[in-house]
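The values are calculated or read from the model by the stated rules, or taken from the named source; none is laboratory data. In this text the structure is predicted, and so the values were computed from the model without any measurement. All Cβ positions, even for glycine, are placed from backbone atoms using ideal geometry, and neighbour counts span all protein chains on display. All accessible areas refer to the heavy atoms of the entire protein, side chains included, with ligands and DNA or RNA removed. Shrake-Rupley method; radii C 1.70, N 1.55, O 1.52, S 1.80 Å.
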2 protein chains.
Amino acid sequence: MKNSLGREIPESIKGYKPVVPFRGAFNYTPEGKYHTRKIDATYPTKQTKVMNSIEDAIREVELTDGMTVSFHHHLRNGDYVVNTVISTLSKMGIKDLKLASTALFPIHRDIIPFIKDGTITRIESSLNGPVGRLITEGFLEYPIVLRSHGGRARAIYSGDLEIDVAFIAAPSADIYGNISGLYGPSACGSLGYAFSDARHAKKVIAITDTLLEYPISPISIPQTEVDIMVKVDQIGDPKGIVSGTTRITKDPTRLKIAEMAAELIKVSGLLKDGFSFQTGAGGISLAVAKFVRDTLREKKIKGSFGLGGITGYFVDMLKEGLFRTLLDVQCFDLEAVKSLRENAAHQEISADFYANPHNKGCIVNMLDTVILGATEIDLDFNVNVNTEFDGALVHGIGGHQDTAAGAKLTIVVSPLLRGRIPTVAERVLTVTTPGETIDAFVSEYGIAVNPRREELIQRAKEANLPLITMEELLNIANKLVGKPDPLPLTNKIIGIIEYRDGTVIDVVRAPEKV
Amino acid sequence: MKNSLGREIPESIKGYKPVVPFRGAFNYTPEGKYHTRKIDATYPTKQTKVMNSIEDAIREVELTDGMTVSFHHHLRNGDYVVNTVISTLSKMGIKDLKLASTALFPIHRDIIPFIKDGTITRIESSLNGPVGRLITEGFLEYPIVLRSHGGRARAIYSGDLEIDVAFIAAPSADIYGNISGLYGPSACGSLGYAFSDARHAKKVIAITDTLLEYPISPISIPQTEVDIMVKVDQIGDPKGIVSGTTRITKDPTRLKIAEMAAELIKVSGLLKDGFSFQTGAGGISLAVAKFVRDTLREKKIKGSFGLGGITGYFVDMLKEGLFRTLLDVQCFDLEAVKSLRENAAHQEISADFYANPHNKGCIVNMLDTVILGATEIDLDFNVNVNTEFDGALVHGIGGHQDTAAGAKLTIVVSPLLRGRIPTVAERVLTVTTPGETIDAFVSEYGIAVNPRREELIQRAKEANLPLITMEELLNIANKLVGKPDPLPLTNKIIGIIEYRDGTVIDVVRAPEKV
């Protein structure tokens, strides 16, 4: 069957819930009740939750074949917890696990042997290069399920993703299970993505290298949601967790793109008191942030909130009074960690609060502007961030779908070509984010505004911004590097791209040549 | 049938869940899953939740006859919200409601006409004098269900108390439903008791007099749990909300009691680094806090946490470094509100986190010492805080059961006589808190340690503390004021005293003479 974007979706997919095809960004009404778990009882006879080893904890929670284990990715490329736990599970002979991490990084290539040996047979997670390559080669019997940050929270809250045991990497904690990301050698700041897991998993095991006096202060994930604490030597490598500083691009092409994006924000009418903003930590995004900051300063505009993965750049804007508050689901650098520790106006938020479409209102709904990237964008403004030109499924969704759906102005920025690979396509190989939620694409050749946004086109014209159409961009790309041949694909579905509301926006088929 | 304290409990009680008799403080294992609610969906087309009036909001959530409405009591005797909402519901002709407030205060005597006219026919709430008198007179067809703070959270989490519409008094808020108790003319500080309601009620309506710019910072109850905002002129009278300062008793008898209680804490072995402590805001309690503070200072002991309803007294101890953190479910005075606003080591906690026995571990489990009051205490150390000598059911449970069960040392303090009414009885009229969780009773005649606590008796003896038995105290009381006649009771059950685990520890029968 075809979904509302004309993507061919199977009626059913092995190991996956009943398929509901995507039907538009805001057209799905969920049914049923939120997931819940068994009632616990903990009396004061128990005065510590600390166990001696991960193995003991795994035995205690009776983790067995076929269960779902979850992890969060705030320790990013410095995380030791995923690798340690999965190798322990493998050593214990546990098989056929579903891995539900919020994301995987290159450091997690160490779990590849445990995918190959059948310890992990299913993955519902964001992913990264090495594991993505393996999946592209068809190593998993079941397709990987990819979700956005908000979509993952939704899946957990709705029960679509039922976690048996959540493992939480805890930079600092106490013996009764209170957790904070603010302290310890592996301090990562916000633990935003782990909140849903702690709230819904049947059992919660926190792994820490830093046990502080009871009770820690401030408390991020509370003792009321943690069953077991395990103390290990090191949960991560600080060097891989957060970068020292995040940097603005110096490339003139990219700076030009950033400047045009900033101009579009200016003419949108959104840049006034109360302005709210999200960018990633990429070079162009940060450059847009710089231009926006300059304008806020110059026009003495006072923004309301900065959102998302937070960088030192946003911290500076908070300090300067250009935002009243930062809402932080993940710290990208040490400045952000420090700020979350010291500044009460810098608030930690959960993925549910950030971006779950199925609660009483998440924050992206109130976001003015977001700057996003793309691997590909097509004539309908549909964006692909998951698959590469060769069909390799090597990137996760992150907050892409969520912020695009929520923000009043969603701008995708990218050079038209990366090497000889064009960003603009007639039809993206994989739809991650539907075009109806993308307002503009800015490349070095100008600004393509989504024809649905007539008012924005009008404003941009009046301001003499360099407008261009997607068709024109496609022609330029074709002239420069030739029209690309369609990629030969097999029929084997290796990935499901879930939209944030739980419908299927696309599936990924294995390429013929890997 | 009789429960484990020998109290006669009916097999079934009209309007109440299947009766489970109390079986000991730590002997009940809950079954089933936590309560959950219908999945919502909120897309960004909705940019404000503000409605024009309480009436509109009530219509919007389709509040009808027979439903359960809830409120929290942080505005205490200055609260306008309960009276306004109930009178609005009555005007709208809605009948047969169940009122589930976290507590009622004298100001809520204004709802009495709406109990009499059938707007409210059932109450599951703490209560106060005027409404209690009415209930004692038999005005409610169904008995009132009284729960502790932790027990109420448990009842909501378990689904025993299912709330249709929660009304939240919001001292400050924004248009999208983020709430904080820290700002506004009716600032009350912690909103700890309202968290369970916001998380579990089918619909949540917040009523505020102070709409601040979106998003407020810091956020206490999040927008993800609030359906509707209503702006009114005034949610409360600041004079009734928090007292300017809370005062230590100057009465020599009470000071003597406080001093003996402090001596008992000293010999208990608990007064060392990491010491944690809770007292109420009563005169004797605060005097005990003063003596404890002096000892901490003198011996350079660094406590861990102060818990509960927080007073300026505990704030001073935090500032002085005598506690590392305060965990605050309710602010008792302006100093506490100010501290919660300014000091990151002063943390707001929910009633679930504070005292729900049925999660993965609440904070009272880790509490060292609590000082509690009593209306009556008997030879088995069972305590009554609910009914007066004349059988009037006029007081709630508060955190009494919870902290007694959790704390390693629970001390009840009271003069032996109040007027001509003795505190010590052979058998309390109503059991609120089981004797097994009470370690000592301190009156002006000495310290009665629970015989179960052999080690504590030994320590007290070695320190030459003035020990006395409950039997001796009863004799003294009898000599002073005569042995009281048993109170003639009818068979009509007007109240159910639920233990914090959901079992029935006692029922209250209407007195013959009211």
Expected response for nearest chain B Cβ to the B-A rotation axis, distance in whole Å, is B:T36, 2
Taking the Cα centre as origin and putting +1 on Lys and Arg beta-carbons and -1 on Asp and Glu beta-carbons, what dipole magnitude results for the protein assembly as shown, to the nearest 20 debye? 580
Can you give the FRET efficiency for A:R427 and B:N343, using 1/(1 + (r/R0)^6), R0 = 45 Å, r = Cβ-Cβ distance, to the nearest 0.05? 0.20
With a ≥ b ≥ c from the Cα gyration tensor eigenvalues, square-rooted, and the rule rounded for a/c under 1.5, otherwise prolate when a/b > b/c and oblate otherwise, chain B is oblate
What is the average number of partner chain Cβ atoms found within 10 Å of a Cβ in B:218-227? 5
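For A:S12 and A:E320 in one chain, what is 0.36 nm times their gap in residues minus the Cα-Cα distance, to one decimal in nm?
Here the segment from A:S12 to A:E320 would lengthen by 105.6 nm.
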Over the range A:252-487, with neighbouring protein chains present, the accessible area per residue in Å² at probe 1.4 Å is 34
Those lysines that a straight Cα-Cα span of less than 17 Å connects to A:K266, excepting residues fewer than 8 apart in one chain: A:K256, A:K290, A:K299, A:K300, A:K302, A:K408, A:K461
At what distance in nm do the modelled label points of A:T64 and A:E141 sit from each other, each positioned 7 Å from its Cα along Cα→Cβ? 1.8
Counting only protein chains, not ligands or nucleic acids, how are A:Y80, A:Y16 ordered by accessible area (probe 1.4 Å), most first? A:Y80, A:Y16
With a 1.4 Å probe and ligands and nucleic acids left out, the total accessible area lost when A pairs with B, in Å² to the nearest 100, equals 5600
With the cut-off at 1.5 for a/c, could you classify the range B:240-309 from its C-alpha gyration tensor as rounded, prolate or oblate? oblate
What are the residues of the range A:336-375 that lose 50 Å² or more of accessible area, with a 1.4 Å probe, going from their chain alone to all protein chains? A:Q347, A:F353, A:K360, A:N365, A:M366
Of all accessible heavy-atom area on chain B, the percent that carbon and sulfur account for (1.4 Å): 49
Enter the accessible area of B:M92 (Å², nearest 10), with the probe set to 1.4 Å and all protein chains included. 50
Angle between chain B longest axis and helix B:283-298 axis [Cα atoms, degrees, rounded to 10]: 70
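Over the range A:80-212, average the accessible area per residue using a 1.4 Å probe and give it in Å², no decimals.
25
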Just for the protein assembly as shown, what percent of DSSP beta bridges are antiparallel, to the closest 5? 30
Counting only protein chains, not ligands or nucleic acids, how are A:K202, B:K203, A:K461 ordered by accessible area (probe 1.4 Å), most first? A:K461, A:K202, B:K203
Along the principal axes of its C-alpha atoms, what lengths does the range A:252-487 span, in descending order and rounded to whole Å? 53, 40, 35
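What does the C-alpha gyration tensor say about the overall shape of the range A:1-152? Classify as rounded when a/c is under 1.5, otherwise prolate if a/b is larger than b/c, or oblate.
In terms of gyration-tensor shape, oblate.
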Select from the range B:37-59 all residues whose loss of accessible area on going from the chain by itself to the full protein assembly reaches 50 Å² or more (probe 1.4 Å). B:I39, B:D40, B:T42, B:Y43, B:P44, B:Q47
Between A:N52 and B:E55, the two model label points (7 Å from Cα along the beta-carbon direction) sit apart by a distance in nm of 7.0
What aspartates and glutamates could a cross-link reach from A:K98, if we take a straight Cα to Cα line under 14 Å and drop same-chain neighbours fewer than 8 places away? A:D65, A:D117, A:E124, A:E141, A:D160, A:E162, A:D164
Suppose we keep just the DSSP beta bridges with both residues in the range B:252-487; what percent of those would be antiparallel, to 5? 30
Under 24 Å from B:K483, Cα to Cα: lysines that are on another chain or at least 8 residues apart: B:K513
With only Lys, Arg, Asp and Glu charged, each at its Cβ (+1 for the first two, -1 for the last two), find how big the charge dipole of chain A is about the Cα centre; round to the nearest 20 debye. 540
Give me the one-decimal nm value for the distance between modelled label points at A:E454 and A:K239, 7 Å along each residue's Cα-to-Cβ direction. 5.8
What helix-only [θ] at 222 nm does the protein assembly as shown give? Using -39500 (n - 2.57) per DSSP H run of at least 4, over all residues, to the nearest 500, the answer is -7500 deg cm²/dmol
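Over chain A, what is the relative contact order in whole percent, taking alpha-carbon pairs under 8 Å and six or more residues apart?
Working: 1243 pairs, mean separation 85.2, N = 514.
The normalised contact order for chain A reaches 17 percent.
Could you work out the relative contact order of the range B:1-131? I mean the mean sequence separation of Cα pairs under 8 Å and 6+ apart, divided by the number of residues, in percent. Let's see the in-between values first.
Working: 141 pairs, mean separation 23.9, N = 131.
Taking the mean separation of contacting Cα pairs over the length of the range B:1-131, I get 18 percent.
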